[in-house]
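The values are calculated or read from the model by the stated rules, or taken from the named source; none is laboratory data. Note that the coordinates shown come from a computational prediction; the quantities given were computed from them, not determined experimentally. Ideal geometry is used to build each Cβ from the backbone, glycine not excepted, and the neighbour counts take in all protein chains shown. The area values use the complete protein model at the heavy-atom level, side chains included, leaving out ligands, DNA and RNA. Shrake-Rupley method; radii C 1.70, N 1.55, O 1.52, S 1.80 Å.
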Amino acid sequence: MRKKPRFHSLKKLKVRQDWSRWSLYSISQLRAPNTGTKTYFQQKWTAKSDTRAYHGEQIREKKWKRLFRRNLPAVVPMDHRYLARYDGSEQAAGRGAGADSSEKERQPMQTPYMQMAYYPIERRLDTAIFRALFASSVRQARQFVVHGLVRVNGKKMPYPGYMLNPGDMFQVEPSSVMFATGARKERSSTARKIVKEKAAERAKAREENPVPAHNPKEKTTTVATRAEPTPKELKEHMQSLMLDVENVLAEEVGAKDKQKFRAFRQTVRKAVSLWGKATPETVSTLDAQFTFLKDALNARRAELAPTAEEEPTPMMSPEDQKKLSDAFEKLKLEHDHISTWNKRDASAPYATPWRPRDYMAAFAFIPRYLEVNQNVCAAVYLRHPVARPGLAEVPTPFHIETGQLAFNWYLRRR
Amino acid sequence: MPPRLRSPNFPSVSSCPSARAQSIAQPARTARDFSQSSCRQVTLRRRKFYEWLNGPGRALKQPLPGSTNYLGAYDKFGNLVRGNVAPEKTPKKPKEGEAATKEGAEGEVAVTAEGQESADALDDALRQHEKEEQASKKKDGVQKLPPETAEDLRPFPLNRFFRSQPVLSEELREAIYQFVVKEGKTVPLASITFGVSNERVGAVVRLKQVEKQWIAQGKTLAMPYSKAVLELVPTTPYIDTSLPKNAGKRPVVHEPINDLIVHPATRQQLFVPVAESRHFTREDAGKAFDNNLLPADERIPHPELVKVVRDEIAGFSNEERRTRAEQRYRDAMEEKTAAEEAKKLHELQTKKIVPQRRWDFVFQDVSVEDAGRDGRSHKGVGWRYGLPHQDRKKGQVKIPTQVEA
């Protein structure tokens, strides 16, 4: 069998969908197609082979042919003031060539339909992950999908060929994203030694005290079934919550001991779950938790006040409320601090402190049909890529004539 | 081909050994005769590759601080094009041109059919904002690069129809989230206020919600990555107009919000003879293409804006226009909810759901006629004679086509 050609060959320069120096070099060496000395078939063939090496190189030709569409989507940005002022009859005025006018009208910009030939491929999950800057190549993105590191609308999606629908949200494991886009790790002997020692330590700790099979869920479920907590329970919980609040407020942001923050988070969760009516969706953010606790306690007090008039003790005094909100603020700050802190970490699979990998800057762009949130490594596929006057949304490194030739190749039935 | 004969006295064939030594890290091969392995000699192509990498390509290896770093921003010798211009001249010259184009755009807005001019104006506004920031930085004594032009934002220099477009900055995302979730404003209003398309507003809110959930759960965010990426790509800044320092400024528009989709029916060229005396409007033109084609004023994402301007032309006062717009919005909402309720009611009447332990049974009326005249329509229910299921056949694609959110 013939040897498979190199993926990055200097003999036959092909642009590939990755952030490598070879791709960058090939992009810099690209030229407009040679139309002078080649036959039309040769031109189309070369254009097709060059563009296919970049667009969906991982897809078989037959599959791509079935994906190909000859109708290319486009939009025209409209001006609402124009639409309100004119009903379009002014364009139909005059006869034949239109109404006479002394000044020349500005020609609208060309809509580059021919750069959109490969737009169905941008719908694929693996390509979208690459375009959202979550992987350094399409092949890597594909591997992430196959390895189960990608979720679409919160569900695991192991098919790289999944066609995203407008409105689909996809998430990639942040550690994998940081590995894919981060600078490569220099493997030193000391780093390796450290990792080995740590693993040995962990194994030892596991052997010494195996984790007791306790079931914390049992308690919470029994509590959650009740709609209203008894006043006594409530008081106990309030006390423990306020104690944790004090602890958190006393703690420094960025302190090594994270236990108090963790304990606070847990008590808040317990306090919320005490009220049966709270579902995890309604109190998913800290702000929502705060407002929920405040409202629930206030409502409780309003109920209690008329019955027990001699003891109008509010469940949560304004000072306590202030303290609680401060504690939540501090929790946010602490979390921000931890997330931002780009520390040296021998066990991470990328160079630490994290920095973008070489040549990433030259490839870093996010097309408009995606909305990306880098903090959670998630993105939403808003709509299909479109062409608009002067702009095509499919990122392609080739000349428009190359695009046209490639489009014509697939247009024709041979 | 046998390996080339080489004398150890001449380690390289190159006429310029100094250049080679500079550009190639790996040493030239030592001759190993009779070896079957491929010749590892440094070829012309590889030499050129390394020359390019160490020459023009060197600047692209690391990000440019405080700016994007794309191939289109460099000439073929690896010099930053906008870096060469004297810093004194740059702010002055484009400003005049920009002012002229701006005036032109303002004047044309009422005349031209497409909003493309306005799309260009968006970029101009963005650049103007950047320029102002640069000017303020310069006052502080920090020397920085001039802002990028359209050419500098091209990652692929050969493709003039693609450029890296700005993404939303962190502050803008947060502002949109607060506007929609905290203040409870509608999505179209957020879209108009921030100059961001409807879908993007929804996506930003959804993603922000996930981010806030992660914070509440104590999951670590990918902050270093996020910061680095937002440094590498151009971003749309958030201008809080409520702040006193931003008084008189307008928020930077992120993207054109009134995109009209080119309808497939309008792709063909039509020659419709029309009497010269006839008032042939957009609506008539639409009818000529397709009888069901709505006019552009109703197919754009924000038809309410058109109505507001029409009210303005009709001579309504500010207050009246607002009340009318609100009334229209309320009517539309009522209609929508009524339709939804009717649909729900219909489902309740036609569907019967029997809840079970794990799965629910759903009973619903079907008709034999659904199978169609030849009995082969996919709408038909149940197994039909002569129509085998294809799903176990080889080559049937089983990738899901949609995932419920």
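Kindly provide the GluC sites (Glu not before Pro) of the range A:94-129 that DSSP labels as loop, not H, G, I, E or B, and whose Cβ sees at most 10 other Cβ atoms within 10 Å. Write down the numbers at each step before the final one.
Numbers: sites: A:103, A:105, A:122; in loops: A:103, A:105.
Those satisfying the criteria are A:103.
With 21 Å as the limit, write out which pairs from A:155/A:330; A:63/B:394; A:260/A:332; A:343/B:144 have Cα-Cα distances beyond it, or answer none.
On the way: A:155/A:330 32 Å; A:63/B:394 15 Å; A:260/A:332 14 Å; A:343/B:144 29 Å.
Result: A:155/A:330; A:343/B:144 exceed 21 Å.
If I take R0 = 30 Å and measure r between the Cβ atoms of residue A:87 and residue A:110 in this structure, what FRET efficiency does the formula 1/(1 + (r/R0)^6) give, to the nearest 0.05? Intermediate values should be presented prior to the final figure.
Working: r = 27 Å, r/R0 = 0.90.
After rounding to 0.05, the efficiency reads 0.65.
Could you calculate the contour length gain from residue A:320 to residue A:258, that is, 0.36 nm times the residue separation minus the distance between their Cα atoms, to one decimal place in nm? Mind showing how you got there, number by number?
Values: separation 62, 0.36 × 62 = 22.32 nm, distance 2.28 nm.
The span from residue A:320 to residue A:258 would gain 20.0 nm if fully extended.
Just check the range A:1-122 against the gyration tensor rule for me: Cα atoms, a ≥ b ≥ c as the square roots of the eigenvalues, rounded for a/c under 1.5, and otherwise prolate or oblate depending on whether a/b exceeds b/c.
Working: a/c = 2.76, a/b = 2.41, b/c = 1.15.
Note, shape of the range A:1-122 comes out prolate.
Between beta-carbons, use under 12 Å as the cut-off and find the net charge around residue A:148, counting Lys and Arg +1, Asp and Glu -1.
Values: positive: A:151, A:155, A:156; negative: A:173.
Result for the local shell: +2.
Chains A and B: buried accessible surface, both sides, probe 1.4 Å, rounded to 100 Å²? Can you show the working numbers first?
Values: alone 27740 and 31950 Å², together 49800 Å².
Answer for the A-B pair: about 9900 Å² buried.
With every protein chain kept in the model, how would you rank A:412, B:58, A:52 by accessible area, 1.4 Å probe, largest at the top?
Numbers: A:412 120, B:58 155, A:52 25 Å².
Sorted by accessible area, descending: B:58, A:412, A:52.
Check each residue of the range B:286-319 and keep those whose accessible area, probe 1.4 Å, is at least 50 Å² smaller with all protein chains in place than in the chain alone; give them in order of residue number.
By number: B:309.
At most 14 other Cβ atoms within 10 Å plus a DSSP loop assignment makes a site exposed; report the longest stretch of chain A without any exposed chymotrypsin sites (Phe, Trp or Tyr not before Pro). Intermediate results must be reported in sequence, preceding the final value.
Working: sites that count: A:7, A:341.
Segment A:8-340 is the longest.
So for the pair residue A:147, residue A:183, with labels modelled 7 Å out along Cα→Cβ, what separation do we get in nm?
With each label point 7 Å from Cα toward Cβ, the separation is 2.2 nm.
Once R0 is set to 60 Å, what does the formula 1/(1 + (r/R0)^6) return for the Cβ-Cβ distance between residue B:250 and residue A:345, expressed as a FRET efficiency to the nearest 0.05? It would help to have the intermediate numbers written out before the result.
Working: r = 45 Å, r/R0 = 0.74.
Step by step, r from the Cβ atoms, then E = 0.85.
Just to confirm the filter: which trypsin sites (Lys or Arg not before Pro) across the range B:251-300 are DSSP coil and have at most 10 other Cβ within 10 angstrom of their Cβ? Working shown, then result.
Details: sites: B:267, B:278, B:282, B:287, B:299; in loops: B:267, B:278.
Answer in residue order: B:278.
For the pair residue B:267 and residue A:61, how long in nm is the line joining their label points, each one 7 Å along Cα→Cβ?
Distance between the two pseudo-spin positions: 2.5 nm.
Could you work out [θ]222 nm for chain A from helices alone, using -39500 (n - 2.57) per DSSP H run of at least four and dividing by all its residues? Round to the nearest 500 deg cm²/dmol. Present the calculation step by step, with values, prior to reporting the outcome.
Details: 15 runs with 186 residues, N = 414.
Result for chain A: -14000 deg cm²/dmol, rounded to the nearest 500.
Given axes a ≥ b ≥ c from the Cα gyration tensor, I'd like to know whether the range B:167-246 is rounded (a/c under 1.5), prolate (a/b larger than b/c) or oblate.
Numbers: a/c = 1.70, a/b = 1.25, b/c = 1.37.
Oblate is the answer for the range B:167-246, as a/c is 1.5 or above yet b/c matches or exceeds a/b.
Return the single residue from A:127, A:190, A:51 with maximal mean-square fluctuation; model: Gaussian network over chain A, springs between Cα atoms under 10 Å.
Of the options given, A:190 has the highest mean-square fluctuation.
Can you tell me the relative contact order of chain A? Whole percent, Cα pairs under 8 Å, sequence separation 6 or more.
Values: 450 pairs, mean separation 122.8, N = 414.
Worked out over chain A, it gives 30 percent.
Please identify which residues in the range A:166-193 have an amide N closer than 12 Å to a label point set 7 Å out from the Cα of residue A:199, following the Cα→Cβ vector.
The answer is A:192-193, whose backbone nitrogens lie closer than 12 Å to the label point.
Put A:81, B:357 in order of accessible area, largest first, 1.4 Å probe: what do you get?
Working: A:81 100, B:357 225 Å².
The ordering from most to least exposed comes out as B:357, A:81.
Over the range B:167-246, with every protein chain in place, what whole percent of the accessible area is carbon and sulfur at 1.4 Å, could you tell me? It would help to have the intermediate numbers written out before the result.
Values: 1780 of 3120 Å².
Reported share for carbon and sulfur atoms: 57 percent.
Take the Cα of residue B:80, step 7 Å along the line toward its Cβ, and report every residue of the range B:216-249 whose backbone nitrogen sits under 16 Å from that point.
B:231-234
With r as the distance between the Cβ atoms of residue A:206 and residue B:48 and R0 = 45 Å, compute the FRET efficiency 1/(1 + (r/R0)^6) and round to 0.05. Before the final figure, lay out each step's value.
On the way: r = 55 Å, r/R0 = 1.23.
It comes out at approximately 0.25.
Filter the chymotrypsin sites (Phe, Trp or Tyr not before Pro) in the range B:271-368 to those in DSSP coil with at most 13 other Cβ atoms within 10 Å of their Cβ, and list the result. It would help to have the intermediate numbers written out before the result.
Details: sites: B:271, B:280, B:289, B:316, B:329, B:359, B:361, B:363; in loops: B:271, B:280, B:316, B:359.
Taking the range B:271-368 and a limit of 13 other Cβ atoms within 10 Å, the loop chymotrypsin sites (Phe, Trp or Tyr not before Pro) found are B:271, B:359.
Name the residues of the range A:67-86, by number, that are at least 50 Å² less accessible with every protein chain in place than in the isolated chain; the surface is that of heavy atoms, probe 1.4 Å, without ligands or nucleic acids.
A:76, A:77, A:78, A:79, A:80, A:82, A:83, A:84, A:85
Please work out how many pairs of lysine residues in the range B:167-246 are eight or more positions apart (or on different chains) and have Cα atoms closer than 28 angstrom.
14
What is chain A by shape, rounded, prolate or oblate, if you read a ≥ b ≥ c off the alpha carbon gyration tensor as root eigenvalues and call it rounded for a/c under 1.5, prolate for a/b larger than b/c, and oblate otherwise? Before the final figure, lay out the partial values.
On the way: a/c = 2.96, a/b = 1.63, b/c = 1.81.
It is oblate, given that a/c is not under 1.5 and a/b is not larger than b/c.
Per-residue accessible area for residue B:381 at 1.4 Å probe radius, Å² rounded to 10?
My reading of the accessible area for residue B:381 is about 90 Å².
Express in Å², to the nearest 10, the accessible area of residue A:246 obtained by rolling a 1.4 Å probe over the protein heavy atoms while all chains stay in place.
Accessible area of residue A:246: about 80 Å².
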